[in-house]
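In what follows, a structure is listed as structure tokens, so that the remarks can point back to it.
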Number of protein chains: 2
Amino acid sequence: MNKITVKLEDIKAQTQKALVNHGASERVAESVAEAVKVAEAENNKVCGLYYLESYCNQLKSNRVDGSVMSEVKKPSNSSVYVDAKNGFAQPAFAAGFEMAVRTARENGICLFTIAHSHTCTSMGFFTSQIAKKGLLGIGATVAPACVSPPGGNKPLLGTNPISMSVPSKNNDVAFQFDQSTSAIAIGKIRMAASNGESIPEGWAVDKEGKPTTDPNKALEGSLLSSGGYKGFGFGLMAELLASALTGSLSSVNAPPLKTTEGAPHDL
Amino acid sequence: MNKITVKLEDIKAQTQKALVNHGASERVAESVAEAVKVAEAENNKVCGLYYLESYCNQLKSNRVDGSVMSEVKKPSNSSVYVDAKNGFAQPAFAAGFEMAVRTARENGICLFTIAHSHTCTSMGFFTSQIAKKGLLGIGATVAPACVSPPGGNKPLLGTNPISMSVPSKNNDVAFQFDQSTSAIAIGKIRMAASNGESIPEGWAVDKEGKPTTDPNKALEGSLLSSGGYKGFGFGLMAELLASALTGSLSSVNAPPLKTTEGAPHDL
């Protein structure tokens, strides 16, 4: 396979250009393109350029509003709430970020919520920005349901990641985790299916809820939580923080992230 | 086996009496006895009467100060910090609780930390009280190190539980989880050892860090995190929130919880 090397700044510039060409404002495109660049820099392929086609398609179909201005509110002394108004999550976060940092510094802690946005792609992208301000960042989000509860066969939760970024003395990221609360990302099962490989027990169940090592049966069925009921507990924690507290859609009601047509994702 | 039935109020009264007889003040004893009663009501044997002997022994040896007054501080608008001064965790929590609830209601969120206390026993005991005030409670604590990182053989984290309690409309607990971030509680491995049973793979490693199904080798070695590296991530989250943020001991420095002699546990 031939390898080509692309500079990170070129990735950002080309991504920004593509987003603008499909209807995003310069401001919104810059914000999303930065997230794509960071994902590529961290070798996070799923959240990088791989997502760009989907972003563009959804801008084109107006499923994502590429030029909307997010609305930043302060519902209480120590909370900042951003209504993304069915736009991208990255510019919505950027809109409230400085106020959230100031609020956390002034009060010791801040509840910072983004409502009614498209997917956040990588949670760590957001919590790492918090750590770079010298603050401890913990984040959670929901995603379309694909994880069934222990013993069940009906998906109730998304992969619902939780991330944490810890600042270093010089306001960089000392330590970070960014992990789904499912046993594995669904992409790994898709890869196994296309390679004709089996998957380990504990990743998924078939549509009857029986453990399976067949990736095709897993894709018809549902994923399992990491560590069984414990991961399901953490998935519920993400669900309550990211959906119930924001008034956005819960995992069971969230439509697939990459489909082009339909109502906004409202996450 | 003969069964006897004991009323919950009798459990509380006798527990309180025993604690006072071993040196606790009435106020402190009432607070700890309530936690024992609630644990027994919830069939949480490990955190109920089973712990009382240890509490009494540690009062007797002065390892736990049974009559100290916790100091409540408000380091910032939205945080309440209680220095338990090497006393029990339950009266320290009680000392700051009303202020923490008021702070959360006024500001939207409150960071409520208890420092320099004896073990909290059950985290859910605390977060459930938060839910009964109509607030969402999330709690974490550290414990003496017994969990090694994925691929390692040196315990770095404790079982480090995280709990969440969600209020119902009528200010009761609608939903709660209270779970260690290790694959299993160490008590389950001790039980398997004394019953001559094997343990499932994934619970523990031997002292060389090799997976084991022999509970005796597991007890010489270390536990594993729930779901591998993901549970270890959540264990680190508990570690940072409960130890680094409070200035209490980290898991690697925490002495065994039930030993009678030694410096205070300082959790």
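The values are calculated or read from the model by the stated rules, or taken from the named source; none is laboratory data. Remember, predicted model here, so these are calculated numbers, not experimental data. Using ideal geometry, Cβ is built from the backbone for each residue, glycine included, and neighbour counts are taken over all protein chains shown.
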Requested in this report: Give the residues of region B:233-244 that are closer than 14 Å to residue B:142 by Cβ and either of a type in the set (Ser, Thr, Tyr) or at pLDDT 95 or above (or both), sorted by residue number.
Outcome: B:234, B:235, B:236, B:237, B:238, B:239, B:240, B:241, B:242, B:243
**Report entry** Selection from region A:245-261 of residues that are surrounded by 17 or more Cβ atoms within 10 Å (Cβ to Cβ) and in contact with a Ser or Thr (Cβ under 6 Å, 6 or more places away or on another chain)
**Finding:** A:246, A:250
Requested in this report: Test residue B:153 against the stated conditions and say whether it is touching a residue at least 12 places away in the same chain (Cβ under 8 Å) and within 14 Å of chain A (Cβ to nearest Cβ).
Outcome: no
Report summary line: If we ask which residues in region B:71-108 are assigned to a loop (DSSP other than H, G, I, E, B) and surrounded by 24 or more Cβ atoms within 10 Å (Cβ to Cβ), their number turns out to be 4
Query raised in the report: Residues of region A:182-214 being touching a Pro at 6+ places or on another chain (Cβ under 6 Å), part of a helix (DSSP H, G or I) and β-branched (Val, Ile, Thr), which ones?
Result: A:189
Query raised in the report: What number of residues in region A:99-148 are in contact with a strand residue (DSSP E or B) (Cβ under 6 Å, 6 or more places away or on another chain), under 24 Å from residue A:172 (Cα atoms), more than 12 Å from every other protein chain (Cβ to nearest Cβ) and of a type in the set (Val, Ile, Thr)?
Result: 2
Report summary line: Of (1) without any contact (Cβ under 8 Å) to a residue 60 or more places away in the chain; (2) surrounded by fewer than 24 Cβ atoms within 10 Å (Cβ to Cβ), residue A:209 satisfies every one except (1)
Requested in this report: Would you be able to say whether some residue in region B:163-170 is under 30 Å from residue B:59 (Cβ atoms) and at pLDDT 95 or above?
Outcome: yes
Query raised in the report: What's the number of the condition residue B:217 fails, among (1) among the charged types (D, E, K, R); (2) more than 10 Å from chain A (Cβ to nearest Cβ); (3) part of a strand (DSSP E or B)?
Result: (3)
Requested in this report: Being within 13 Å of chain A (Cβ to nearest Cβ), under 23 Å from residue B:131 (Cβ atoms) and surrounded by fewer than 16 Cβ atoms within 10 Å (Cβ to Cβ) narrows it down to one of B:174, B:238, B:242, so name that one.
Outcome: B:174
